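Undergrad: What follows is a structure written as structure tokens; I'll ask about it next.
None of the figures in this text is laboratory data; all of them are computed from the coordinates on show. If you're wondering where the values come from, they're calculated on a predicted model, not measured in any experiment. Neighbour counts are summed over all protein chains in view; Cβ atoms, including those assigned to glycine, are modelled from backbone coordinates with ideal geometry.
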Amino acid sequence: MSQENEDIYTRIVRDYLKGKREDQLYLAQQLGKWLLSRNISPEEVTDMHANVLEHLGDVPEFIQDSFQILTEIMIEYGNAYRSFDSWRSRHQQLQAEIAIATAMQQTLLPETLPQYPNVDIGMISIPAKEMSGDFYHFLCESKSEFTVAIADITGKGIPAAMCMSMLRYAMDSLGEMKLAPGNMLRHLNSVVERNIDPCMFVTMQFGRYNTAQHVFRYATAGQEPGFLYRARENRFFDLEGCGTALGIAAGSEYEEREIYLEPGDFLILLTDGVTERKIGRYYIQREELVSLLEEETSASAQEMANHLYRRLLLLSQFELPDDYTMIVLRRT
Amino acid sequence: MELMIRENSQDGQHLLYLEGEIDAYTVSKLRDLLLCLVNRPEVKRVAVDLSAVEYIDSTGIGTFVAAMKACKQTGCELAVQNLSPRVERLFRITGLYERMVPHKGESE
């Protein structure tokens, strides 16, 4: 403890004892903050207080002795503070690393949506925490075809982000082969099954949209079913599909399905962050989700995605417990 | 919401009764117990009763996936039973249902 600190401390105590003014207490608060910023420990402050009392006048022996007890107790407080300070530094370092990882994760996700005549595409993806376990991918293969993938990786955070990079690089490599959806999932399952933690798995829906014929051919690996809207009937159907999630069993096969879209029809691909929403004490039912979507059928694909997100957020009182991703593909 | 686990065992056959919600906050208790059981050589079969489980998330499903993979190595048999409709739907969607729910006529 420097002499300068002790002099300031002495002046504050002396002036306060003379007049007991509020401004002296305010000065003491400021000094406390300054001492903290200089990592002065509680036991040093206790010693300083004892020294200052001796400078200001005769201190009875029992008060001098009692400071021994206070100092011992303050040493423990000091140890706790130093431990907290060290933890805080580590936490700040970890936060900085997570910020970098979050930025890197963003580079794995496409920034723009495919543009094709007569197809309106909308998308929204909101992570529940800093790092998302939801993954989506578009690949424009030709003037008339693009592929779309939506996936949910078990859990969130860094393990999910690491798995996401594996998925992205596998999809980039396999993308050049223009595999049929079932084959794509079969290859991805082989990669994921060999390289993922046993507790993790990935659900995915992968499809190819032919914009000349408006045919969507897709396969599903454990993914929450999306919706198909038929404009002529003004009715929603489940986007059915069956197939084991990626990473669960080697050698899994994935059945392909095909849908022809008429003008006004649209597809909704989603993750379970959309459907597994708790409103009060109960989970929203798919029929209720359909009711909300029915009010959006005339909106553009992007408006539909944005509106549903906002309405669900409002219903769940602004809680977003899981990553939320929804893709809308509409034939105009 | 908590997860309660009760355990009965006899002659290498273990039955776990789960009650509550299985999510990221409660799953570690189940994971530790289940993986420990299926890795013990004297344990021949583990059945998990999910009748009182109202909710399971992907980390909960992941625990059953890890236990199922461990069983392939150890030869232990793992089964889940009495799934509520909501939990059954999730097991069916992910493809675990046919792998972990005994067909009628099989031992339960």
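Undergrad: If I take every Cα pair under 8 Å that is 6 or more residues apart in chain A, average their sequence separation and divide by the length, what percent do I get for the relative contact order?
TA: 17
Undergrad: Could you identify which residue out of A:Pro225, A:Pro117, A:Pro42 has the top mean-square fluctuation in a GNM of chain A using Cα springs shorter than 10 Å?
TA: So, out of A:Pro225, A:Pro117, A:Pro42, the one fluctuating most is A:Pro42.
Undergrad: In nm, to one decimal, how far is the B:Arg86 label point from the A:Arg232 one, both placed 7 Å along Cα→Cβ?
TA: 3.8
Undergrad: Provide the net charge surrounding A:Pro117, with neighbours chosen by a C-beta distance below 14 Å and charges set as Lys +1, Arg +1, Asp -1, Glu -1.
TA: +1
Undergrad: Hey, what angle do you get for helix A:301-315 against the long axis of chain A, alpha-carbon based, 0 to 90 degrees rounded to 10?
TA: 50
Undergrad: What distance in nm separates the simple spin-label points at A:Glu255 and B:Ile5, each placed 7 Å from Cα in the Cβ direction?
TA: In this crude label model, A:Glu255 to B:Ile5 measures out at 3.5 nm.
Undergrad: Round to the nearest 0.05 the FRET efficiency obtained for A:Ile126 and A:Ser2 when R0 = 41 Å and r is the Cβ-Cβ distance.
TA: Plugging the Cβ-Cβ distance into 1/(1 + (r/R0)^6) gives 0.20.
Undergrad: Still on this model: Determine ³J(HN,Hα), in whole Hz, for all residues of the range A:93-107 in sequence, where each value follows from phi through the Karplus function 6.51 cos²θ - 1.76 cosθ + 1.60 and θ = phi - 60°; x replaces Gly and Pro.
TA: Ordered by residue, 3J(HN,Hα) equals 5, 5, 4, 5, 5, 5, 4, 5, 5, 4, 5, 5, 4, 4, 6 Hz.
Undergrad: Which of B:Gln73, B:Gln13, B:Gln81 ends up with the largest GNM mean-square fluctuation for chain B, with Cα atoms connected below 10 Å?
TA: Evaluated over chain B, the most mobile residue of the options is B:Gln73.
Undergrad: Something else now. Hey, could you pull the Cα Rg and Dmax for the range A:178-332, both in Å?
TA: Cα only, the range A:178-332: 16.4, 46 Å (Rg, Dmax).
Undergrad: In degrees, nearest 10, range 0 to 90: what is the angle between the Cα axis of helix A:22-37 and the longest Cα principal axis of chain A?
TA: 60
Undergrad: How large is ³J(HN,Hα), in whole Hz, for each residue of the range A:71-78 in order, when computed from phi with the Karplus curve 6.51 cos²θ - 1.76 cosθ + 1.60 and θ = phi - 60°, using x for Gly and Pro?
TA: 4, 4, 5, 5, 4, 5, 4, x
Undergrad: Then there is this: List the GluC sites (Glu not before Pro) within the range B:5-84 that fall in a DSSP loop (any state other than H, G, I, E or B) and whose Cβ has at most 13 other Cβ atoms within 10 Å.
TA: Within the range B:5-84, the qualifying GluC sites (Glu not before Pro) (loop, at most 13 other Cβ atoms within 10 Å) are B:Glu42.
Undergrad: About the Cα centre of the range A:3-101, how large is the charge dipole given +1 on each Lys and Arg Cβ and -1 on each Asp and Glu Cβ? Please answer in debye to the nearest 20.
TA: Its charge dipole is roughly 540 debye.
Undergrad: Show that you can apply the helix-only estimate: for chain A, add -39,500 (n - 2.57) for every DSSP H stretch of four or more residues, divide by all residues, and state [θ] at 222 nm to the nearest 500.
TA: After summing the helix terms and dividing by residue count, I get -16000 deg cm²/dmol.
Undergrad: Looking at A:Ile75, A:Leu56, A:Leu35, which one has the Cα that reaches farthest to the positive end of the dipole of the range A:3-101 (charges on Cβ: Lys, Arg +1; Asp, Glu -1)?
TA: Positive-most Cα among the choices belongs to A:Leu35.
Undergrad: Oh, and also: Roughly speaking, what is the stretch gain from A:Phe84 to A:Ile69, that is 0.36 nm per residue apart minus the C-alpha to C-alpha distance, in nm to one decimal?
TA: Here the segment from A:Phe84 to A:Ile69 would lengthen by 3.1 nm.
Undergrad: Pick from A:Asp172, A:Asp85, A:Asp152: which is most flexible by mean-square fluctuation in a GNM of chain A where alpha carbon atoms under 10 Å apart are linked?
TA: A:Asp85
Undergrad: Restricting the calculation to Cα positions, tell me the Rg (one decimal) and the Dmax (whole number) of chain B in Å.
TA: My reading of the Cα-based Rg and Dmax gives 12.7, 36 Å.
Undergrad: Taking every residue in B:56-69, how many Cβ atoms of other protein chains lie within 10 Å of its Cβ, on average?
TA: 6
Undergrad: Follow-up question, since we're still on this one. Take A:Ile100, A:Ile150 and order them by how many other Cβ atoms sit within 10 Å, fewest up front.
TA: A:Ile100, A:Ile150
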